[in-house]
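The values are calculated or read from the model by the stated rules, or taken from the named source; none is laboratory data. Keep in mind it's a predicted model, so treat the numbers as computed, not measured. Cβ atoms come from the backbone with ideal geometry, glycine included; neighbour counts cover every protein chain shown. When the accessible area is computed, the model is the full protein with side chains, heavy atoms only, and any ligands, DNA or RNA have been set aside. Shrake-Rupley method; radii C 1.70, N 1.55, O 1.52, S 1.80 Å.
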Amino acid sequence: GNEAALDFDDVTSFSEQTLGHRFMVTLEHEPLSRPHHVPAHRFLMFEWGNAVSSDPLSRTKLAFSRRDTKAAVALREQLTSRRMRTP
């Protein structure tokens with residue numbers, strides 16, 4: 001699968017975004033390499049096909065159905081307890 005582990009100590013900052021009842025946390029962190037989907041082909045502004053890349057990523061977005069889900073609350077508590085700064 002396209003999984004990777006991110007240690008809270010590697011997170012340098014985070015931001016929160018709400019759109020309606022949807023909630024998202026964006027984490028800025030030390031680069032980590034994990035397989036992720038990219039277009040297999042590109043020509044001008046067109047992209048198509050499926051490929052996998054392992055380029056280092058330094059931003060991760062986590063989306064939740066609501067701001068008050070248990071996972072979202074726990075994540076915010078962990079990040080704020082570590083005194084992360086929000087840009």
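Descriptive notes on the structure:
- Residues with amide H under 5 Å from that of Arg34, placed H, sequence gap 5 or more: Leu57
- The slack in the chain from Ser54 to Ala5, taken as 0.36 nm per residue of separation less the alpha-carbon distance, amounts to 16.2 nm.
- From helices alone, the chain scores -4500 deg cm²/dmol at 222 nm; the rule is -39500 (n - 2.57) for each run of n ≥ 4 DSSP H residues, then divide by the residue total.
- Prolate/oblate/rounded label for segment 1-61 (Cα gyration tensor, a/c 1.5): oblate
- Computed in the context of the full set of protein chains, the accessible area of the chain at 1.4 Å probe radius has 51% of its extent on carbon or sulfur.
- To the nearest ten degrees, helix 70-81 and the longest principal axis of the Cα atoms of the chain are 70 degrees apart.
- Residues in the chain average 76 Å² of solvent-accessible surface per residue, probe 1.4 Å, ligands and nucleic acids excluded.
- Cβ-Cβ FRET estimate between Arg22 and Arg42, R0 fixed at 35 Å, reported to 0.05: 0.75
- Coupling constants for segment 3-20 follow from the phi torsions by the Karplus curve (6.51 cos²θ - 1.76 cosθ + 1.60, θ = phi - 60°), and in residue order they are 10, 8, 9, 10, 7, 4, 5, 8, 7, 9, 6, 8, 9, 10, 9, 10, 9, x Hz; glycine and proline get x.
- Modelled label positions at Leu32 and Ser81, each set 7 Å beyond Cα in the direction of Cβ, lie 1.8 nm from each other.
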